[in-house]
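Read the structure below first, then the notes.
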Amino acid sequence: MRTSLTGRRGAVLALTPLLFAGVVACGPGDSGANDNPTSTTSATTPASPDSAADGEEIDAEEFTKLVSEAVDHSTTAHIAMRLESQGLTMTATGVADYTGDDPAMALKMRAPAMGAGVIEIRMLDRVMYMAMPMMDSSGKFLKIDLDDPNNPLADSVGDMTSFDPQSTLKMFSQGLQKVVKVGDEDIDGDATTHYQVTTDTTAMKESLEGATPGATLPDVLTYDVWLDDQYRMRKLVTEIGDQASIVMEASDWGAPVTITAPPASQVEDMPAG
């Protein structure tokens with residue numbers, strides 16, 4: 001009985017992060033979410049992000065640099081995500097700490113299609129801990145060493161970007177073809193600038209290779225992102241037809257967060273099989 005329970009729990013565990021990591025990988029292979037990106041008013045050299053007018057195309061290389069620098073200088077944040085894909089809805093809330101070599105995160109996830117209860121995930125020092133009460137009522141956390149070469153699940157989620165809005169933004173910023181400033185917008189009291197971004201997904205496919213076997217990405221992806229005055233993500237939204245949609249949000253940048261591993265008595269290793 002224990003073997004059966006562990007097997008079912010491992011199967012759901014494999015699915016959970018990959019739904020976030022590969023959210024854009026389940027759609028058709030010919031186009032992105034928005035078939036008609038915001039038109040631009042610039043017919044010559046794209047403008048600087050800091051001086052662009054609303055509706056104007058901005059310099060993609062400069063935009064990529066600013067976003068990458070913002071990711072590299074991120075500290076802590078509260079994060080929230082929502083995924084809808086082919087009838088499955090999954091939400092997650094929690095906190096992230098970017099001050100170490102790899103992001104540390106503590107998340108609580110809900111996926112009604114998988115059963116009642118809250119999935120709890122903690123990641124720090126390249127170790128993932130996951131408790132799934134709908135599969136195991138004991139409250140135990142499965143421990144996965146993300147650098148374990150003998151664990152295929154560890155290889156699938158080893159880059160940790162599947163749960164991380166900032167890393168997702170950085171990945172989405174690879175291969176930018178076009179960036180349009182939509183305009184300044186307020187999100188729950190936070191001042192942001194809204195951009196619509198079109199990107200070639202070749203580099204993204206390489207980043208996700210192996211994480212979503214058999215999945216395909218569209219050749220071009222268009223998404224909307226709202227950044228604060230330091231080019232940190234406040235919100236990211238993307239859709240792929242009627243196949244999938246994802247919303248990621250980050251807020252309270254720099255606020256104190258506490259992320260700890262579960263007590264040893266509540267942890268069991270992920271079975272190698």
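No lab work stands behind these numbers, since they all come straight from the coordinates. Since the model is a prediction, treat every value here as computed from it, not as a measurement. In this analysis, Cβ positions are derived from the backbone assuming ideal geometry, glycine residues included, and neighbour counts consider all displayed protein chains.
With a sphere of radius 9 Å drawn around the Cβ of D228, what net charge do the other residues whose Cβ falls strictly inside it have (Lys, Arg +1; Asp, Glu -1)?
With Lys, Arg at +1 and Asp, Glu at -1, the neighbours total 0.
Considering only the other residues whose Cβ falls under 14 Å of the Cβ of T45, what net charge follows from Lys and Arg at +1 and Asp and Glu at -1?
With Lys, Arg at +1 and Asp, Glu at -1, the neighbours total -4.
In whole Hz, with x marking every Gly and Pro, tabulate ³J(HN,Hα) for region 82-92 from phi via Karplus 6.51 cos²θ - 1.76 cosθ + 1.60, θ = phi - 60°.
The phi angles translate into 9, 10, 10, 8, 6, x, 9, 10, 9, 10, 8 Hz.
When the chain is fully extended, how far beyond the present Cα-Cα distance does M134 get from Q266, taking 0.36 nm per residue of separation?
Value of the extension gain: 45.9 nm.
For E57, what charge total do you get from the other residues with a beta carbon under 13 Å from its beta carbon, if Lys and Arg give +1 and Asp and Glu give -1?
Surrounding charge for E57 is -3.
At a 10 angstrom cut-off on C-beta neighbours, averaged per residue, how do the peptides 66-76, 122-132, 254-264 rank from highest to lowest?
122-132, 66-76, 254-264
Can you work out ³J(HN,Hα) from phi for every residue in region 68-77, in order, using Karplus 6.51 cos²θ - 1.76 cosθ + 1.60 and θ = phi - 60°, giving whole Hz and x for Gly and Pro?
Once θ is set to phi - 60°, the couplings for region 68-77 become 5, 5, 5, 4, 5, 9, 5, 10, 10, 6 Hz.
Suppose R0 equals 25 Å. What FRET efficiency, 1/(1 + (r/R0)^6) with r the Cβ-Cβ distance, do D188 and A53 give to the nearest 0.05?
After rounding, the FRET efficiency stands at 0.45.
Tell me, in nm to one decimal, what length is gained between T99 and A113 on full extension, where the rule is 0.36 nm per residue of separation less the Cα-Cα distance?
Once the chain is fully extended between T99 and A113, it gains 1.6 nm.
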